[in-house]
Amino acid sequence: MKYFLIILIVLTFIYGYKQINYEPITEKLERAAELRLERERVAANKREFDNRVQGVKKFLVHYNSPMADSAESFVSCAERHRINYKLLVAISGKESTFGRYQRGFNSFGWDIHRGRTFNSFSDAICTVAEGLSKSYDTSSIRKIAYRYAPDFENNTEKWIKDVEYFMSQL
């Protein structure tokens, strides 16, 4: 009887062991690895975002800009509307010396002929980001310039050079 129990236990172990389904365990391990990689990507994106915000803030502080505290808005609104954050900063530099010479938080000269004002710099930044993404070809500064700063109002070539300069400095 003793030998019978030992054989039964051994057979149960052998046949039971072979019948274990390892797929759920493998799937869980793969999912855990995917989640770890996703957390690392999110952390890297956050660090990159924070670095861009700090770069914009430092740049605006250098120019004594009242917009320095809106640095995060430049980066987040640009991301949301899929445009280059440096473009937004550079246009505000050209149009109002980074908000130092503006009226009603309109540091972009946006719809200025109609007396456009905003509630805050962040409001202006996000509105202009949205307007540029919807109504302008933002693939080049030149394509933006001929509509944003046409020759009959500005020296368009100088506007382009100044915006390019500020973008290169960021």
Residue pairs qualifying under the 6 Å Cβ cut-off, at least six apart or on distinct chains, with the first in region 156-170 being among the aromatic types (Phe, Trp, Tyr) and the second being modelled with pLDDT under 95 and open to solvent by less than 90 Å² (accessible area, probe 1.4 Å), are 159/145; 159/149
If the Cβ limit is 7 Å and pairs must be 6+ apart or interchain, which residue in region 68-90 that is closer than 14 Å to residue 124 by Cβ and touching a residue at least 60 places away in the same chain (Cβ under 8 Å) pairs with which residue that is aliphatic (A, V, I, L, M) and open to solvent by 20 Å² or more (accessible area, probe 1.4 Å)?
89/170
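Wholly within region 74-170, which helices (runs of 4 or more DSSP H) include no fewer than the required count, namely at least 3 residues that are among the hydrophobic types (A, V, I, L, M, F, W, C) and either farther than 27 Å from residue 49 by Cβ or at pLDDT 95 or above (or both)?
85-96, 121-135, 156-169
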Checking the condition within 19 Å of the chain's Cα centre (by Cα) and either open to solvent by 50 Å² or more (accessible area, probe 1.4 Å) or among the polar types (S, T, N, Q) (or both), which residue from 157, 95, 79, 164 passes?
79
If I ask for residues that are within 20 Å of residue 131 (Cβ to Cβ) and of a type in the set (A, V, I, L, M, F, W, C), which ones from region 55-70 would you list?
56, 67
Tally of residues being farther than 22 Å from residue 139 by Cα, touching a residue at least 12 places away in the same chain (Cβ under 8 Å) and either of a type outside the set (Ser, Thr, Tyr) or open to solvent by less than 10 Å² (accessible area, probe 1.4 Å) (or both) across region 48-64:
7
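The values are calculated or read from the model by the stated rules, or taken from the named source; none is laboratory data. Worth saying up front: this structure is predicted, and the values here are computed from it rather than measured. In this analysis, Cβ positions are derived from the backbone assuming ideal geometry, glycine residues included, and neighbour counts consider all displayed protein chains. Accessible surface areas use protein heavy atoms only, side chains included; no ligands, DNA or RNA. Shrake-Rupley method; radii C 1.70, N 1.55, O 1.52, S 1.80 Å.
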